[in-house]
Amino acid sequence: MLRKIGVYFTILLVGLFLGYIFFGDLESGATSHQNMEINHTDKWTCSMHPKVIHEREGKCPVCAMDLVLVQDISSELNDSQFEMSVEALALANTETLVISSVNSHKNELIRLSGKIYSNKKTDAVQTSLFDGRIEKLYANTIGAKIYKGQKIGFIYAPDLYLAQDKLLGSISYRETHKNLYDAARNTAGLWKMTDAQIDTMLAQGKPIVNFPIYSEVSGTIVNVSANEGDFYKEGDPLFRTSDLRSVWAVFDAYENQLDNIEVGQEVNVYVKGSSTNKISAKVNFIEPIMDETKRTVAVRVVLKNNNGILKPGMFAEATLTSKANSSTAVMIPKKAVLWTGKRSVVYLKPLKDKPVFEFKEIELGKQIGDYYEVLDGLAIGDEVVVEGTFTIDAAAELAGKKSMMSATNENEKLSDKMDAMEMKLPINVNVTLKENFELFLEAYMKLKNSLIESNHKLSSENAIEFHDQLKSNSLLGEKSMLEIKEIEKALILISQSKNIEIQRKSFHNLSEIMMVLTAELKNINTTIYVQHCDCFDDNSGGTWLSYSKEILNPFYGKKMLTCGKIQQVLN
């Protein structure tokens, strides 16, 4: 009996020991896990869609990429600086450049296109000396050479005929009324008749009917206006000549190139169809008036053409070497610059060993090839982002730091308004969530259509209507406070702006958020097409939502109405 009790007691002790090992650790683990949940403050985001914010790991609802952990921003950074995670930085595919001296960019070339023209300063026009009908015209071929004094045709002039007839009638009283005879002879001379011609006419005793025409200009015929058998008044042009031993090369220069072109600047001219590889010359003249149709200014170069190789009408190209204002000028690539209305923005990398970036407004000078001259804001030795700038900007906005959208004067003026209009959304999810959201989609589509029409006034009105609806309805509760604030910010910018391009950039930001929210809400009654244009925002791309498969681009309107593709279908 005592042996059985000892066995039972032993079994009980073993059971208690095993229970402590398993259940005691599990309880401790559960407690630990519970504590971890309580202390968990990490946020997860998508590197390509920074508006996506989740409290745990997972996939992006837009592009299905793995979410990355949002790192805490160091308290040592200022308001213009922020830090990116290593994972986000790798996905952003950024590239930076250390600004060097202007000497490395001195060989930037300006390329111009144009044509060869005759030298207008050597042009001359042969006109009709008196009213008459052209009976014969020898100078009727473009390219023919004419010399001053050369017979070029015959003309019948009724008034000249009468002047000759009057002179013949005065012969009878030449001895008795010498003054009258001399006056009649002088009149014939005024008609360009030489003394020899007058004597020949008097000897024949009859007027010259078809009077010979002699050229008063020399050169190559470049234009013929007259036709045989037509009547012309005194001063009417018969043909135009030019001395083609020198010609003009006239090139079209755009507005952003003019600061780098000046009279006397060295230029290399290449003429298509010419055996001459390169002609060195200098800029001779820059027209003071712009062609409003082409938005160009004519730049003229005088070229020697003694061998006649250069023909008016030939196409030509020119290259000029750009020069900055001084040897200490700061130059950055065009692709490093973000535009915010009239302001220019770059992102610096102030710390070489950390993924920290700094928002910086700069003042630009001349555009020299693919570079901008920086007048203020940067110095030689600064490191700037030249690839992935838009992704960096999105990360800055996500971190609550200065970004491209918040840098404009217009945004600064609206900051107080946005604070005053800040919404206080309820924490509980509205039971009519889907119905409300479909109303928001309708307002979004209405705003999109006004941008397609490029109507900034209507876009502003639709943005106000969308914002009013946003204030009067609950949406996704506490979980989407950030998204709602971003929607509100974009709508305020659109409603207050008169610039369609600024409205479109704000709409792009709005579309990113709407796309995320639409993807999170399953089983919406309407099919939504996610459409994308690769060209928008300097080829960084832009996405929008549509009820229809048809591509109607809100970022360009009629300029590029059908540019885009269907990226995804949400239902």
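The values are calculated or read from the model by the stated rules, or taken from the named source; none is laboratory data. Note that the structure is predicted; figures quoted are calculated from it, not measured. All Cβ positions, glycine included, derive from the backbone under ideal geometry; neighbour counts span all protein chains shown. Just so you know, the surface numbers come from the protein's heavy atoms only, side chains and all, with ligands and any DNA or RNA stripped out. Shrake-Rupley method; radii C 1.70, N 1.55, O 1.52, S 1.80 Å.
I need the calculated FRET efficiency for the pair ILE464 and PHE231, taking r as the beta carbon distance and R₀ as 56 Å, to the nearest 0.05.
It comes out at approximately 0.20.
What distance in nm lies between label points placed 7 Å from Cα along the C-beta direction at ASP199 and LYS148?
Result for the modelled spin labels: 2.5 nm.
Which FRET efficiency value, to the nearest 0.05, is calculated for ASN306 and ASN186 with the Förster distance at 45 angstrom and r the Cβ-Cβ distance?
That gives a FRET efficiency of 0.50.
Given the whole protein assembly as supplied and a 1.4 Å probe, what does the accessible area of SER218 come to in Å², nearest 10?
60 Å²
Please work out the Cα center distance from segment 486-541 to segment 195-211, rounded to the nearest Å.
Taking the Cα centre of each part, segment 486-541 and segment 195-211 sit 90 Å apart.
Which pairs break 19 Å Cα to Cα here: LYS349/LYS401; LYS335/LYS360; LYS349/LYS402; LYS278/LYS334; LYS43/LYS354; LYS145/LYS233?
LYS278/LYS334; LYS43/LYS354; LYS145/LYS233
By how many nm would the segment from ASP159 to SER540 lengthen if fully extended, with 0.36 nm per residue of separation less the alpha-carbon distance?
129.5 nm
If you split all Cα-Cα distances of segment 526-566 into 5 Å bins from zero, what percentages do you get per bin, shortest first?
Whole-percent P(r) values from 0 Å outward: 6, 29, 34, 21, 8, 2, 0.
Taking a virtual spin label 7 Å from the Cα of ASN78 along the C-beta vector, which residues in segment 354-389 bring their backbone nitrogen under 12 Å of it?
Only 358-361 pass the distance filter.
Using the beta-carbon distance between TYR214 and CYS563 and R0 = 56 Å, what value does 1/(1 + (r/R0)^6) give for FRET efficiency, to the nearest 0.05?
After rounding, the FRET efficiency stands at 0.30.
Run the simple label-point estimate for ASN256 and ASP291 please: 7 Å along Cα→C-beta, distance reported in nm.
About 2.0 nm, to one decimal.
Going by a ≥ b ≥ c, the root eigenvalues of the Cα gyration tensor, does segment 140-190 fall in the rounded group (a/c under 1.5), the prolate group (a/b larger than b/c) or the oblate group?
Because a/c hits 1.5 or more and a/b exceeds b/c, segment 140-190 counts as prolate.
Roughly how many nanometres apart are two label points built 7 Å out from the Cα toward the Cβ at HIS532 and GLU57?
2.6 nm
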